[in-house]
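What follows is a set of notes on a single structure, which appears directly below.
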Amino acid sequence: PDSALTATIAGLPGERLLLEDAVLRAADQATETRAAEAELDAATNAVRREKGAFDPELFGTGDWSGSDTPTANLFAGADVLETETADFTAGARMRLKLGTELIASVNSQRTNTNSDFASLNPEYQAFGALTLRQPLLKGFGPSARSELSVAESNLVGAGALYDGAVLAVRAEVETVYWELYAAERNHSVTKLIRDRASAFYEDAKLRAKAGMIGPSAVANAEFFLTEAEQAVLDTEEQLDRLSDRLASLMGRRPGPDATRYRSWDEPPREFPTVARDTLVAVVMDRNPELQALAADVEAVRARERGATWDARPTLDLVGGLGGNGLAGSPRDVYFPGSDTPVRTSVSGDRGESVSQVFGRDYPTWNVGFVFAVPLGAREGDGERDRLRAEIVRAEQQLEEARRLTEESARAQHRELERGRERMEIATRGVQASIRQVEIGMLEYRNGRTTAFEVVRLAADLATAQQRYSDAL
């Protein structure tokens, strides 16, 4: 409101900082946003992990073994039966989101033996199967994918919390920035009052020497000067504190030639008018904290749905289709007392036995069920009921947050509505206070008022300036 204050503000030392630069740097460097970003990344990879439980998996085994077995069986073909076996298994398995388990596998076995009665040496046996296990009660659907549903809900919540952290940092930066702006004005006001208090003190001493005033007036002026000097130190400390806070949020200190940051922008004076109920509706729909709490509720509900199915008895449908295969190198076999050899018609290598499996030349099949009922069912029912209680708790937390958010939105809307009026009143108060000081100084010089009254008027001016800064 006066040119002296404007000049004092312009002369304050420090590095000028634009609000948008401060916001962008803080959004990128603030520890709150970096931590929230890490939480979001963790939630993303948690979903990836849970989806991986439904990915197909290849498996395989290989085993080589041998044994020498003494035998007294006349049909063993040797006094010491020497056997070497090579066994290989390969296949794939996967779990579907309905809880279905599918396994497809092929096993091939190669056997060498010294038995005289072995018609195939080496002998190749193969068998394969496609098996299915489908839960119908426990483990079905929501139970099978409950952890994935929880992870997806947690991802939604982490995304909302990240957005909320970014907004919170922006809000804090803007708040600190405008507090810094107000602190600069207040510091300039205290410097002006300190300078005028010093001049006033010197004037009082001269008047006292001339016998125009008494020593009490000089003491009042000196006390006023010391109070003004203390106020300068207080407001300078406030400036440094706010500058340090901005530096912490941005992760960057002022340049080596600057003692602190200084605001560059002016506070906005006009705001768009929004109906209160419209603002509340938008806030309730977009508030990141409410979105995160709603995601927490959905995560607990997903676990409860899974626990509801897991509290039921086990009833699984099992079945499979497969085939066998046999091949090998045929040999002549002579039985005791006979000179006529016996030779099998089976021949071929390992590939032949495996192709028989895939062609289902010798098919196999099975179908059945698995049933189990836990007596008492305390474990499953207890977990289901525990999660239902957790749902109630989470819903009440969400409801409480909704009420507080609506209350805060309405209060801030009222504050914004009254902001223009506060600004006008604060401006009039500053102008009136300046006129009071000017009149008081004239009356003091003319001997119509005391030094104490001038001190009081100057203190009123400082208070009016601070209220104006707060209104801004």
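Before moving on, here are some points about what is shown:
- Lysines whose Cα lies under 20 Å from that of LYS51, excluding same-chain neighbours fewer than 8 positions away: LYS97
- Each residue of region 241-362 gets 490 Å³ once the volume of the Cα convex hull is shared out per residue.
- Binning the C-alpha pair distances of region 1-115 at 5 Å intervals from 0 yields a P(r) profile of 2, 8, 8, 7, 7, 6, 6, 6, 6, 6, 5, 4, 4, 4, 4, 3, 3, 2, 2, 2, 1, 1, 1, 1, 0 %, listed from the shortest bin outward.
- Applying 1/(1 + (r/R0)^6) with R0 = 56 Å to the Cβ-Cβ distance of ARG435 and GLU37 gives a FRET efficiency near 0.55.
- Computed from the C-beta positions of GLN29 and SER355, the FRET efficiency with R₀ = 56 Å rounds to 0.30.
- Förster radius 30 Å - calculated FRET efficiency between ALA4 and ARG253, Cβ distance, rounded to 0.05: 0.45
- Based on the reciprocal of the average 1/r between different C-alpha atoms, the Kirkwood radius for region 166-248 equals 14.7 Å.
- Listed peptides 342-351, 133-142 by packing density, highest first (mean Cβ within 10 Å): 133-142, 342-351
- P(r) for region 354-472, from all Cα pairs and a bin width of 5 Å, is 2, 9, 8, 7, 6, 6, 6, 5, 5, 5, 5, 4, 4, 4, 4, 3, 3, 3, 3, 2, 2, 2, 1, 1, 1, 0 %, short bins first.
- Potential lengthening between ARG456 and THR278 on full extension [0.36 nm per residue; Cα-Cα distance subtracted]: 59.4 nm
- Dimensionless Rg over Rh [the chain; C-alpha; Kirkwood]: 1.38
- Eigenvalues of the alpha-carbon gyration tensor of region 69-198, scaled by 5 and square-rooted, set the equivalent ellipsoid semi-axes at 84, 22, 10 angstrom, largest first.
- Antiparallel bridges, percent of DSSP beta bridges restricted to the chain (to nearest 5): 95 percent
- Distance between region 179-223 and region 402-435 - C-alpha centres, whole angstrom: 32 Å
- Counting 0.36 nm for each residue step from SER65 to ASP87 and taking away their Cα separation leaves a gain of 7.1 nm.
- Of the three principal axes defined by the Cα atoms of region 400-463, the extents in descending order read 64, 20, 11 Å.
- Computed on region 212-259, the Cα convex hull volume stands at 69 Å³ per residue.
- Packing, taken as the mean count of other beta carbons within 10 Å per residue, orders the peptides 315-321, 399-405 from highest to lowest as 315-321, 399-405.
- Under 30 Å from the Cα of LYS205 - lysines, other chains or at least 8 residues apart: LYS191
- Over all projection directions, the Cα-based convex hull of region 153-203 averages an area of 3.5 nm².
- Computed label-point distance, nm, for sites LEU375 and ASP339 using a 7 Å Cα→Cβ extension: 7.3 nm
- In this view, the solvent-accessible surface of ARG456, computed with a 1.4 Å probe and all protein chains in place, comes to about 100 Å².
- Shown here: region 179-223, whose C-alpha atoms stretch 46, 14, 9 Å along the first, second and third principal axes, sorted largest to smallest.
- Counting 0.36 nm for each residue step from GLN396 to ASP21 and taking away their Cα separation leaves a gain of 131.0 nm.
The values are calculated or read from the model by the stated rules, or taken from the named source; none is laboratory data. Predicted model only: the values in this text are computed from it and were never measured. So basically every Cβ, Gly included, is an ideal-geometry build from the backbone, and we count neighbours across all protein chains shown. Heads up: the accessible areas ignore ligands, DNA and RNA and are worked out on the full protein's heavy atoms, side chains in. Shrake-Rupley method; radii C 1.70, N 1.55, O 1.52, S 1.80 Å.
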